[in-house]
Every structure is written in C-alpha cells, then in structure tokens.
1. Treating cross-link reach as a plain straight distance, find the aspartates and glutamates whose alpha-carbon is under 19 Å from the alpha-carbon of B:Lys68, omitting any fewer than eight places away in the same chain.
2. Using only the alpha-carbon atoms of the range B:34-90 as identical scatterers, what base-10 log of I(q)/I(0) does the Debye formula give at q = 0.17, 0.26 Å⁻¹?
3. For the range B:72-88, what does the Karplus curve 6.51 cos²θ - 1.76 cosθ + 1.60, with θ = phi - 60°, yield as ³J(HN,Hα) per residue in whole Hz, taken in order and with x for Gly and Pro?
4. Which links in A:Lys15/B:Lys5; A:Lys17/A:Lys57; A:Lys17/B:Lys38 stretch past 28 Å when you go from one Cα to the other?
5. Expressed as a rounded percentage, what relative contact order does chain A have, with Cα pairs under 8 Å and six or more residues apart?
6. Given Cα pairs under 8 Å that are at least 6 residues apart, what percent is the relative contact order of chain B?
7. Quick one: accessible area per residue over the range B:12-94, 1.4 Å probe, rounded to a whole number of Å²?
8. Work out the P(r) tail for the protein assembly as shown: percent of alpha carbon pairs separated by more than 32 Å, whole number.
Amino acid sequence: GAGVSQSPSNKVTEKGKDVELRCDPISGHTALYWYRQSLGQGLEFLIYFQGNSAPDKSGLPSDRFSAERTGGSVSTLTIQRTQQEDSAVYLCASSSRDRAKYFGPGTRLTVL
Amino acid sequence: DQQVKQNSPSLSVQEGRISILNCDYTNSMFDYFLWYKKYPAEGPTFLISISSIKDKNEDGRFTVFLNKSAKHLSLHIVPSQPGDSAVYFCAASPISSGSARQLTFGSGTQLTVLP
C-alpha cells in the first residue's frame with residue numbers, strides 16, 4: 001500500500017509476556033520513528049532510525065524496550081516482560097526529509 | 001512538565017461556524033509548529049505548519065496563527081464541517097534540529113462539529 005502500515009492493530013497480553021510490534025514504512029522513506037500515546041497524553045517519542053546510522057534510542061523508557069530496522073525498511077518494536085504501564089497506542093511514522101511525518105494507524109497494546 | 005499544552009480536551013462547534021483550537025508552549029527554543037488531525041483507529045495526519053518567521057499560515061479552510069511573545073498558537077477552521085470532527089494535535093520543534101525526532105506533541109483536543 002501507499003501508506004505506513006502496522007501490525008497487529010490490537011494486542012492484548014498478560015503482564016510479564018514479551019510482545020513484538022511491526023511497522024512497514026512508506027517505500028523509500030529513510031527515516032522511521034516510533035511513538036506511543038498513553039491515555040490522555042500526547043505522543044511520546046521512543047526511537048528514531050535514519051538510514052544506516054545508529055538509531056536514536058533516547059526516548060525508550062526502559063531497557064525492556066528495543067527496536068530493530070531490517071534492511072532499512074521494516075521495523076520491529078519489542079517490549080520484554082510487559083507491565084501494565086506499557087499499555088498504550090504505539091505509532092510508527094516514516095518520512096523522507098521533512099517533519100511532516102506520515103503515521104501508521106497504530107497498535108493498541110493492552111497489558112492485563 | 002508538558003512543554004506543549006492543549007488545555008481544552010474537547011470542543012464542540014456548529015457546522016459552518018469557526019473552530020478555534022489553541023496550543024501553548026513553554027520552550028523558547030521551539031520555532032517550528034505543526035498541527036495534525038487524527039481520526040479513530042488511524043494515525044495522525046499532517047495538516048499545516050508554521051515557522052517562527054511568520055505569524056500566520058493559511059491553507060484552504062485551515063489557518064494557523066502564531067504569537068511568539070505569548071508562546072501561543074491556534075488553528076482556525078472556517079467553515080467547520082462534520083468531517084472535521086477528529087482529535088487535533090499541535091506539535092513543536094526547534095527548527096535548528098536536523099531531525100524530526102525533536103517534535104514534542106500536545107495531548108490533543110477532540111473537535112466535534114455538529115450538523
């Protein structure tokens with residue numbers, strides 16, 4: 001498709017389990033971002049990939065969070081030993097040069 | 001401490017009238033501002049932006065106003081349409097940043113346009 005896609009759209013998991021969230025960016029976009037939106041909050045930056053450069057992980061809230069971007073395209077955000085406070089909508093965005101980033105529909109994560 | 005604040009979580013407006021969405025910021029390093037619209041189950045969609053060298057930017061029914069001295073920006077939608085009903089986020093960044101990772105978002109305002 002032409003836009004950013006994310007899977008799954010919804011994920012319910014039990015506390016302590018690991019989860020993987022996937023993002024397919026727009027083809028040709030070199031920059032890829034992960035944000036999350038907790039209830040009643042704005043978007044919180046998590047991690048940023050740009051081309052082959054080392055990712056900017058400064059927004060990751062703990063070492064339970066990690067992300068990879070394979071082949072400069074698809075990205076996977078992994079949350080280990082999930083906690084209830086990890087419940088949020090996780091949004092992926094990609095862009096070429098500018099700040100008008102294109103967002104995916106998000107993955108709603110619920111940790112019971 | 002929220003650097004970008006949208007103090008109104010919701011706003012209802014009659015169709016055809018003006019919608020005014022407000023956003024305040026505290027970081028004086030911010031000098032590039034954006035508005036996004038978000039429908040349920042979709043990601044945010046970029047609407048309009050403004051840099052600090054301007055105080056107004058217009059695109060069709062959407063106009064963004066920037067008051068740097070008050071650290072305040074607003075989005076005007078005229079005339080409002082039912083399809084404009086969505087959550088609107090403002091975002092800010094320092095223009096000197098080479099990376100969009102510096103975007104800081106507000107918590108959003110739910111706009112409802114009543115037919």
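The values are calculated or read from the model by the stated rules, or taken from the named source; none is laboratory data. Fair warning: this is a prediction, and the values are worked out from it, not measured in the lab. Keep in mind that these areas ignore ligands, DNA and RNA; they rest on the heavy atoms of the full protein, side chains included. Shrake-Rupley method; radii C 1.70, N 1.55, O 1.52, S 1.80 Å.
1. B:Asp24, B:Asp31, B:Asp55, B:Glu58
2. Per q value, in the given order, log10 I(q)/I(0) is -0.56, -1.10.
3. Taking θ as phi minus 60°, the curve returns 9, 9, 9, 10, 10, 10, 9, x, 6, 10, x, x, 7, 4, 5, 8, 10 Hz for the range B:72-88.
4. Violating the 28 Å Cα-Cα cut-off are A:Lys15/B:Lys5; A:Lys17/B:Lys38.
5. Reported relative contact order: 38 percent.
6. The value is 37 percent.
7. 45
8. 19
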